[in-house]
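A short worksheet on the structure shown next.
The values are calculated or read from the model by the stated rules, or taken from the named source; none is laboratory data. Just so it is clear, the model here is predicted, and its values are computed rather than measured. A quick note on method: Cβ atoms are made from the backbone with ideal geometry, for glycine too, and the neighbour counts reach across all protein chains shown. Note: areas computed on protein heavy atoms with side chains; ligands, DNA, RNA excluded. Shrake-Rupley method; radii C 1.70, N 1.55, O 1.52, S 1.80 Å.
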Amino acid sequence: MKTAARVFALLTILSLVLAACVAPVAAPAAPAEVAAPAEAAPAEAAPAEGAAAAVPAPAGKNGMPVVGLVMKSLANEFFKTMEEGAVAYQQGRGDFTLIPVGMNSETDIDTQISAVENFIVQDVDLICLAPADSVGLVAPAKKAIDAGITVVNFDVKLDDKALTEAGLQDLVFVGPDNEEGAYLAGVALAEALGEGGKVVIIEGNPGADNATMRKNGFVRAAEEFGLEVLESTTAHWETEEANTLMTNLITKYPDMQGVMAANDSMALGVVKAIEAAGLTGQIQVVGFDNIGAVQELIKEGKMLATIDQFGPMLATMCVETGFRMINGEDITGWSKTPVQLVTAETLK
Amino acid sequence: MSTQVTSAPERESSQARRTTYFLLREAGIGIALLLIIVFFSVFAPRFASLANLSNILTQISINTVIAVGMTFVILLGGIDLSVGAVLALCTVVAGLTMTSTAFPEPVAIGLAVLASLAVGSAAGLFNGFVAERWKIHSFIVTLGMLNIARGAALQISGSRTIFSFPAGFNQFGTQTILGVPVIFVIALTLVFLGRFVLVRTVFGRIIYAIGNNEEAVRLSGHTPSFYKIAAFTITGLCVGVAAIMYMLRLNIASPILGVGFELNAIAAVVIGGTSMSGGKGSMIGTFLGACIIGVLNNGLLLLGMGDFARQMVTGFIIIFAVIIDTYRVRLSVQMAD
Amino acid sequence: MAPILQLRGVTKRFPGVIALEEIDLDIEPGEVHILVGENGAGKSSLVKVLCGIYTRDEGEILYQGQPYNPQRTQDALHAGIRVVYQEFNLLPYLSVAENIFFEKLPTKHGLVDYKKLNQDAEAVLKEVGLDVAPTSRVELLGVAQTQLIEIAKAISTESKVLFLDEPTATLTPREISRLFDIIRRLRQRGVTIIYISHRLQETFEIGDRVTVLRNGRKVDTLPMADVTVADLVRMMVGKKMGEEYPFDTTVAPGAEIFRVNNLVIKHGGAPLGFGVRAGELLGIAGLVGSGRTETMRAIFGADKRIAGDLVLNGQPLRVESPRDAVQAGLSMLTEDRKQQGLILDMPCYVNISLTDLAAVSRSGVLNHAAEVTAAEGLVDELSIRTSSVDKWVRFLSGGNQQKVVLAKWLFRGPQVLIFDEPTRGIDVGAKYEIYMLLWALAKAGKAIIIVSSDLPELLGICHRILVFSNWAISGEVERPDFSQERILELAYQNYVQTEAAPA
C-alpha cells in the first residue's frame, strides 16, 4: 500500500500542477512590455474594425484599470477562442489587468453571478458580461452599475423587458446578430436548393437565447425563400446526439435536401450521418460558428456554409467599448459586431 | 430426517420458482424489447427496414460498450459517473496521437488506440484504487474523476475539436461486415466477452459473490479489493474502446463530448435488470437494455413524437424497469418463506 | 376458564408445500405455552397466521370466543395480539420512550407531549426491570435491553397475547433469568404468552404446557410436568435418538498441530495463547462479549491484531488476511452465517466451491460440471436437504444452511477448523447431525475449535474447554474435570475484581 500511496501523492501533485496552468491570467509582469498598438490587435481582425489603433486605456480607480471578463463555458471552443483573443489583446497592450472567469457548463448561472459579485467586491473598473441567462444576470449587472462599475454586455443580449424593469434599458450591448447570421446561412442554403427545398432545422439547447435567435433566423430565411421545414428539433449542441438524430431523420424523411444546424459541433455529426447514409452531396448542410473542423468539411464540399461571428474579437471589442465609455464617450444601445458567411469561396 | 412427504413437492415448487424467476428476469426484458419492436414496426413509418436496423445498431454501439463496463461496477454495488468525461479525455489523447506528424499513419493509429485504452484503464484504476484504499463510495470518487478527466481533456486540447484523422481510419468506421456496421460488431464482441467473463470465469464468479456478500467472500479467503479495483479498470478499458468507436463513427475527438453518457449507460444496465445494490444482473440484460433505449429513441422520432415527449417516455421506461425489479425482489423474498 | 384462542382445522398452503395442516389448538388465558418443532415444522407459519401476516386457507379461529380473522398485522395489534420478533423492529435513532409508544404517541396541541411520554415510558420500563433513561437512544443499547424494550412496548399497548420468538437466542444466562422473571410477572397479570424456542432445557423453567409441531402438523399438546427433554426431542424428530451429545472415547487426540502465542487484540490487553491437537475438539466457553469471537477473528486474519504468532505443524505462520489463513489450511465458520458465511442469493454449489475455485477451474475458466459434481458429493456426504445444488441457499432451512457453510470448508480441506456458534438457531435434529460431522472431522485428524454459548453442548462434545473471561483466558478444563459450575466460575472470574459482568 505504501507504493500505492506514493503513486497517489504523485497524481495529486500532477493535478495541482494542471490546475495551476489554468489559473486566471494576472497583470503582466513588467510595464516594459507595453508594445506597439499595431501588434495588439490579432492579425485576423474583424473587417469592420479594421486595424484601427487601440482605444487608450482610461485611468483606473487604483492605478492601472482592472477589467473583469465574465465568460460562458470555456469548454466551448467558441468561448475559449474568445477568451484567448482577449488575453492576447491584454498581453499585447499591457496597460490594463484582465481577470477572465469561465463557467463549468453552459447552464451554470451561479458561477457567473458569483463572479460579478466578486468583481464588485474587488471594485474593478469594467465588467464585460456574456450572460448565460439573459434574465438572471440583469440583477447582478444592476448591482455592479450601482456600485459605480461600468458594465458592458456582450455576446448574448440581456433581456429587454428585464433591463427596462431594472431601469437599464440603455445598457450597452456589444455582439453579433445571431438572428441575422442564421438568416444569412439560411439564405445560402435556400439559394443552393431553390424554392420548395425540403430542410430540417437542428436546434441548440431549448431555452438558450442564441439557440432561439438562430432558429428564428433559419425560419425567416425558409419563409422568405419558400423552403419547406420538415422538422425542427434539438440535439442540445452535441455532436453525437446530432449524429444519432440525423441518422433517424434521414430514415424518416428520405426526401430531405438540406439541414440547418444551429452550431458547427452539431453540423459535424450531421455531416457524418449523411456520409454514412451515402448521401454526401445530396443533402446540403449549413452550420454556425466557423470552427476549424467545419472549415475542412466546407473545403471538401461536404458542407455548404457556416457563419463566422469573429469570436476572438468579441471580448476585445467589448473591452474597447468599455474603455471608450470610461473615457467619456456617450455610447448606448447595441453596437453590432459583424457576422459573415463562410463558404468554399471565401475560404480559398 | 428427510421424508418423501416434504421433499417431493418442494422439488416441484423450486422448479416452478426458477422458471418464473427466469421469465421475469432474462426473458422479461427480451419480450419487452420484442413488443416495442413489433409496436414500432406496425405504427412507425420506415421503422422496419434494413437500413434503419443498421442505423439503430450503430447508434446503440457506444452506449452498449460503456454499459458493458458499467455492469461490472454496478454488479459490485458501485457506480461510475466518470465514463462520459473519461471518454472525452480518451478521444482527445487518441486524437492528438493520431494527428501527430511524428509517426507514420499506421503507427499513429495503433498508438492512438493503445493510448485510448491506456488512458481509460488508468482512470478506472484510479477510481477503483481510491475507492478501495480509502473506502470512499465510488459515487464520490468517480464524481471527482468526472471533473478531473473533463478538465484534463479541456486542458490538453485547449478546448478544441480535433479532426483530420487518417482517411483509412475514418473509412474503417463506416465499414460493414455482412451488412452489419463494424462498430456494432465491436460492441457485440464485447458483450459476449463480458458475458463470458461474468458467467464462465473465476473472476466473474467472485464479482457476483462480492456484490451479494463481500464479507463472506473475504472470509472465504479472497481479496475483494483486488476484484473491485479490477472491475473499475475494466470499466475504464471499455470506455477506452468506446472512445475509439466514437472516433470511428464521428471522425472527431473533442473535450466536451460524452456529457450524460454515464446516465445512458446506467439506464441500460438498470433496464437490463441489474440491481443497483449489486450481485444480480446479466450482460445480456445490459445489452437488451441498451437496445431498448436505442429502439425507443429511434422509433419514437419516426413516430413523430417531439423531443420533450421522447425524453419523458424514456424516463418512464427507466422507472418502469426499476418497478419490475422491485417485484422481482419481492418475489424472491416470498419464495424464501 | 374458556380458552383465549381456539384453533380448529387451521390449514395454510403454499404452492407445492403444506405449511400447516389441520391444526387444532387451545391456548388458555394466562398460561405460558411453549411451541417447539424443528425448523420448517410450521411454528413461524402458525405465528404469522395468528398475527395477520398470512391468511389461513381453511379452518376456524376463535379469539375470546369470537371468530378471529386478521387480515393485516394491525388487526392483530388492535385485538391485543403481538409478536416480539427475533430480529427487532425498533427504530435505532429514536429514544427508548419514542420506540415504546411509537404507535400511540401522547400529544398535546398536536405536538408530542414529551413530558408525559417519558413519564409513561419510565413506568413501563420499571415494570420490565430495565434500568435505562427513557430518553436514551435505542442504537446505544445492547441486545438484551432492546428485547426488553420490545416487551415493554407490548405491555404499553396492553397486549393480551404475546408471542416470544427465540427470545433467549442472544442472551447471557443472567439476562435469561431476568427475562424469565418478567415473563412470570406478565403471567400474573393475566397475559397469555406463546413462547417459541430451540433451547428445550430452558422451556421447562418457564412453560406451563407445550405443543410440538412436526411437518406442519401438531404432534401433541402436554403439560410441561409430564414430559422430559428426551420426550420432546423424540416428538419433534419423530424417532428416538440415542444420545443428545455424541462423545467418542475411542478417538484420542494426536500431537499439537496448531498454536497461538502471545496474541494481543486489544490495546493494553494481556497476551494469550493456546494450542490445539490433531483430532481434538477444543471448546471455547465464556460470556457473550468476553472476547471469544474477536480472538478467533484475529487468528483468522479477519480483524487486525496488535501482536501474536501462529504456528502450524511446527512452522511459523504469517496470517495478515483471511486469504493467508485459508491458503495455510485454516478455516472459520462465523457466528453469523447469513451475514458472513453465505451468499444467500446464489446457488449451493457456488457457495461450496467459493473456498477453492482453483480446484474447479483451469486458467481462470470455471469447469461447471466439476463444480456441480463436487458440490453434489458434499451435499450427499453431509445429507444437506435441497432439491438440487442449483437452489439458492436462501431457500434452505437454518440447519441446512449451516451444513452448506461446513461443506464449503470441507471442499477446501483445511487442517484447522474454527467454528463460532455452529448450532445457533438450528433445530435439534440438524444439531445432532452437525455434532456427528464434527466428530467425523476429528477422526480424520483435523484440529477443531468450537466457540459456543451453549455450555451443555461444549460439555457434551469437547475434549477440552478453554474459558474466556474479560478478554483473557481464565482457565482450561480437561474432559475428566468438566463441570458446569467450574466453567461458569472461570467465566465470571476476571469480572469480579475489575468490574461487573456485562449486563
On a 1.4 Å probe surface of the protein chains, which of B:MET247, C:MET235 comes out largest in accessible area, and what is the full order?
C:MET235, B:MET247
Reported to the nearest 10 Å², C:TYR114 has, with a 1.4 Å probe, an accessible area equal to 110
Please sort B:211-222, C:453-464, B:292-303 by packing, taking for each peptide the average over its residues of neighbouring beta carbons within 10 angstrom, highest first.
B:211-222, B:292-303, C:453-464
Dipole of the protein assembly as shown, positive end: most advanced residue of C:ILE352, B:THR223, A:ASN153 [Cβ charges, Cα centre]:
C:ILE352
Just want to confirm a number: the relative contact order over chain B, from Cα pairs under 8 angstrom separated by 6+ residues, in percent.
32
Over the C-alpha atoms of the stretch C:194-300, what are the Rg and the largest Cα-to-Cα span, Dmax, in Å?
20.8, 56
The answer for the stretch B:168-273, accessible area per residue at 1.4 Å probe in Å², is 32
Can you give me the long-range amide H partners of A:SER232? Hydrogens built in the peptide plane at 1.01 Å from N, cutoff under 5 Å, separation of 5 or more residues or another chain.
A:ILE201
For chain C, what Kirkwood radius comes out of the mean inverse Cα-Cα distance, in Å?
24.8
From the helices alone, meaning DSSP H stretches of at least four residues, give me the mean residue ellipticity at 222 nm for chain C, per-run term -39500 (n - 2.57), in deg cm²/dmol to the nearest 500.
-10000 deg cm²/dmol
Using only protein heavy atoms and a 1.4 Å probe, how much accessible area in total is buried between A and B, to the nearest 100 Å²?
3300
Between the stretch A:117-160 and the stretch A:223-297, the alpha-carbon center distance in angstrom:
36
Order of exposure, largest accessible area first, which applies to B:PHE172, B:PHE316, B:PHE165 with probe 1.4 Å:
B:PHE316, B:PHE172, B:PHE165
List the lysines whose Cα sits under 25 Å from the Cα of C:LYS431, skipping any in the same chain fewer than 8 residues away.
C:LYS43, C:LYS218, C:LYS239, C:LYS240, C:LYS338, C:LYS391, C:LYS403, C:LYS408, C:LYS443, C:LYS446
Heavy-atom surface of the stretch A:178-308, accessible at 1.4 Å and reported per residue (Å²):
31
Out of A:ALA305, A:MET82, C:ALA491, whose Cα points farthest toward the positive end of the dipole of the protein assembly as shown (charges: +1 Lys, Arg; -1 Asp, Glu; placed on Cβ)?
C:ALA491
When the Cα centres of the stretch C:1-69 and the stretch C:171-191 are compared, how far apart do they sit, in Å?
24
Rolling a 1.4 angstrom probe over the protein chains, ignoring ligands and nucleic acids, what is the accessible area of C:TRP392 in square angstrom, nearest 10?
50
Can you sort A:SER73, B:SER100 by 1.4 Å-probe accessible area, starting with the largest?
B:SER100, A:SER73
With DNA, RNA and ligands ignored, accessible area of C:PHE395 (1.4 Å probe; Å², nearest 10):
40
Loop-resident trypsin sites (Lys or Arg not before Pro) in the stretch B:102-157 with no more than 14 other Cβ atoms inside 10 Å, DSSP not H/G/I/E/B, are B:LYS135
Any idea what the alpha-carbon Rg over 2.2 N^0.38 Å comes to for the protein assembly as shown?
1.17
Enclosed volume per residue, in Å³, of the convex hull spanned by Cα atoms of the stretch A:178-308
83
For the stretch B:166-256, which whole percent of the accessible surface, found with a 1.4 angstrom probe, sits on carbon and sulfur atoms?
70
